[in-house]
Amino acid sequence: MTRKTVRIAMNGVTGRMGYRQHLVRSVLAIREQGGLDLGDGTVLWPEPVLVGRREHALQDIAERHGLEHWSTDLDAVLADPAIDIYFDAQVTSAREEAVRKAIAAGKHVYCEKPTATGLEGALELAGLARDAGIKHGVVQDKLFLPGLLKLKRLIDGGFFGRILSVRGEFGYWVFEGDWQEAQRPSWNYRAEDGGGIVVDMFPHWEYVLHELFGAVKSVQAHVTTHVPTRWDEQGKLYDATADDAAYGIFQLEGGAVAQINSSWTVRVNRDELVEFQVDGTEGSAVAGLRACRVQHRSATPKPVWNPDIPATERFRDQWQEVPDNGEFDNGFKAQWELFLRHVVLDEPWRWDLFAGARGVQLAELGLKSSAEGRRLDVPELTAGVLL
């Protein structure tokens, strides 16, 4: 076996997602399995170079995992010709400038979403990457979750017949930070720092709906801030200027309707933190992060509405579990492996910065829809151009 090293500048690894999902569970996990076997006698070995603003945090992570390379000087790292890929998991407000620098330096780019704070910036990045001839990708991890992979299998197999509707529920209670520490960083609740559940979650819903059910043709959203004040990491009270809940209706290509609630102010009474119910003429399914349950037309009961007596049947027991029929890897790691193969072998890849721009577009239109109180069409983006 020949070992080929790919050096990856990883910016934002001191944050929760950058550290846990991208560094530890993806890049380091690939190293722990002996590298990525390319199938031609070559093993790809990812070599992370940690980048960030907090020197002590970077040094601690590097020492903890036996890594040699880290820096607080992004410009110097990007100027290094040995760096092949730039990865960005910073706060959204810092991402656009850093990705632009990486493109100018000729690095392949892989980044978290949203790719920018607005559609104009997202399209500019995509256009710059295209013109520079680099490989570029955006994290779209939900597509690689076991529950949604099972759902995709059902769709491809024609299980649903004609799909009528999709109903999604996402969220959990994020503590305010006074009597219990918040599970999310405080910047998530400040619009001036790029926070808000719409800019965080609508890009996810865009690619899930687009890939599984059809392009989003229109959006109508109601966006609100249910909890107006919170406490930050230093215990200081601050005003929550960003939205913490969004209720959206999406008209899809082909006629199906999707309704998705997103909330950081809801207590969970479902099996998983996110669930999608898909109803079709021939069957229905409920998919979460890992599990997927189905009810076929032939096994659908015939409930009768009678509010005067207790329910006589347990509706959840009437659904059948979809088997794994395979092994599922961490979703972030699975997409990392595909991107690395795309960079090295030029294998097909469709989750690029233009796909990321569609997510930014939907978030922007969702906020506008709520502000104006009306449904808005979603213009098609082709090669980054509004049609």
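The values are calculated or read from the model by the stated rules, or taken from the named source; none is laboratory data. Because the structure is predicted, anything quoted here is derived from the model rather than measured. Cβ placement follows ideal geometry from the backbone for every residue including glycine, while neighbour counts extend to all protein chains displayed.
Summary table
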quantity: Residue ID - nearest to VAL223 (Cα to Cα), chosen from residues in segment 256-272 that are part of a loop (DSSP other than H, G, I, E, B) and in contact (Cβ under 8 Å) with a residue 24 or more places away in the chain; calculated: TRP264
quantity: Failed item in (1) under 30 Å from VAL278 (Cα atoms); (2) touching a Leu at 6+ places or on another chain (Cβ under 9 Å); (3) not assigned by TED's automatic domain parsing to the domain that holds ARG350, with GLY137 passing the rest; calculated: (3)
quantity: Tabulated pairs, segment 238-252, first closer than 16 Å to GLN220 by Cα, second in a strand (DSSP E or B) and basic (Lys, Arg), C-beta under 7 angstrom, 6+ apart or interchain; calculated: GLN251/LYS217; LEU252/LYS217
quantity: Segment 113-145: number of residues that are outside any helix (DSSP H, G or I) and touching a residue at least 24 places away in the same chain (Cβ under 8 Å); calculated: 14
quantity: Residue among GLU321, GLU337, GLU272 that is modelled with pLDDT of 95 or more and closer than 18 Å to LEU212 by Cβ; calculated: GLU272
quantity: Within segment 8-23, considering residues that are surrounded by fewer than 17 Cβ atoms within 10 Å (Cβ to Cβ) and in contact (Cβ under 8 Å) with a residue 12 or more places away in the chain, the one farthest from the chain's Cα centre (by Cα); calculated: ARG16
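Residue-by-condition table, conditions (1) at pLDDT 95 or above; (2) more than 16 Å from the chain's Cα centre (by Cα); (3) crowded, with 24+ Cβ neighbours inside 10 Å:
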residue	(1), (2), (3)
ARG100	yes, yes, no
ALA104	yes, yes, no
LEU119	yes, yes, no
GLY133	yes, yes, no
VAL139	yes, no, yes
PHE144	yes, no, no
VAL174	yes, yes, no
